[in-house]
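Step one of this worksheet: look at the structure below.
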Amino acid sequence: MRINQSIYQNHVKNYKTEMVIFKEGDHGEEMYVIIEGEVEIRKRTSSASTKTLIVFHKGDIFGEMALVEKKPRSASAVTTKPSRLLVMNEPLLEYMIEKNPDFARKMIRILSERVRKANSMIQSIMSTNQQSQVLNGLKSYAGEYGTSTFKGLRVNIASFLKWAQDHLGITEKEVQSNMQVFLKNGTLKYSAKGNEEILIPVEPGKR
């Protein structure tokens, strides 16, 4: 993504580690492009704790939804290492979309993907069947992080348990209990590595 040098100089800010870029509930008037560094998006789960939703790295864009929708920030953004960010307000965003086709295409892809993921998450949250929630979460995780084999997708159990607690809001004990049900009824199987990995079999017709 090409950035005009004058724009770069006038709109770039440097942040130290653990600096708050914006807080959940803030009015959003800017979005950000990471030039260097790393940023976590954190959501309040109680008055004393937060949950990390996603980690952004060099080249990633974040904070655009509040700017586009004119709504308060839905989560907080905090640097996890020294970072340099391009800070874009609405006039600059419009200028970049008009003058930089690469940037415009990237924005369209990002917005489309975020809407798709949001819809998927809403469907998962609305599910009253915890087993379905765990299984759908497992399939989603396997599609992104699993190892593809002829027999199916291999998933490290410990890694999935941690992911499930962060993304599904279910305790490790509940996830393990539901996974045991799937192992007993044949929905899941242990891989050749034993009880460290599970195998999600390939569905008929999808080999």
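Below is a table of values for the structure above.
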{"read-out": "Net charge of neighbours whose Cβ lies under 14 Å from the Cβ of residue 70, counting Lys and Arg as +1 and Asp and Glu as -1", "value": "-4"}
{"read-out": "Approximate shape of the stretch 5-124 as ellipsoid semi-axes (Cα gyration tensor, √5λ), whole Å, largest first", "value": "23, 19, 13"}
{"read-out": "Net lengthening on full extension, residue 52/residue 12 (0.36 nm per residue, minus Cα-Cα)", "value": "11.9 nm"}
{"read-out": "Inter-label distance for residue 144 and residue 60, nm, one decimal - labels placed 7 Å from Cα along Cα-to-Cβ", "value": "1.0"}
{"read-out": "Solvent-free Debye scattering, log10 I(q)/I(0), computed from the Cα coordinates of the stretch 128-201 at q = 0.15, 0.18, 0.24, 0.27 Å⁻¹", "value": "-0.42, -0.62, -1.14, -1.46"}
{"read-out": "Efficiency of FRET between residue 43 and residue 177 - r from beta-carbon atoms, R0 41 angstrom, step 0.05", "value": "0.95"}
{"read-out": "Residue among 193, 81, 162 with the largest mean-square fluctuation in a Gaussian network model of the chain, springs linking Cα atoms under 10 Å", "value": "193"}
{"read-out": "Partners for residue 70 among lysines (Cα-Cα distance below 16 Å; same-chain residues under 8 apart left out)", "value": "23"}
{"read-out": "Flagged links, alpha-carbon separation over 19 Å, of 58/106; 16/43; 81/106", "value": "16/43; 81/106"}
{"read-out": "Extreme residue, positive dipole direction of the stretch 128-201, given options 169, 192, 159 (C-beta unit charges)", "value": "192"}
{"read-out": "For residue 57, net neighbour charge (Lys/Arg +1, Asp/Glu -1) across residues whose Cβ lies under 14 Å away", "value": "-1"}
{"read-out": "The stretch 43-120 and the stretch 126-182: distance between their alpha carbon centers, rounded to Å", "value": "27"}
{"read-out": "Extended-chain gain in nm, criterion 0.36 nm per residue less alpha-carbon gap, residue 190 and residue 162", "value": "8.2 nm"}
{"read-out": "Kirkwood-Stokes translational diffusion coefficient of the chain, alpha-carbon pairs, 25 °C, 0.890 mPa s, µm²/s", "value": "126"}
{"read-out": "Point-charge dipole on Cβ atoms (K/R +1, D/E -1) for the chain, about Cα centre, debye to 20", "value": "580"}
{"read-out": "Label point distance in nm, residue 116-residue 24, each placed 7 Å from Cα along Cα→Cβ", "value": "2.7"}
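Read-outs throughout are calculated quantities, based only on the coordinates presented, and are distinct from any laboratory measurement. Quantities reported herein were computed from a predicted structural model and do not represent experimental measurements. No Cβ is skipped: glycine too gets one built from the backbone with ideal geometry, and neighbour counts run over all protein chains shown.
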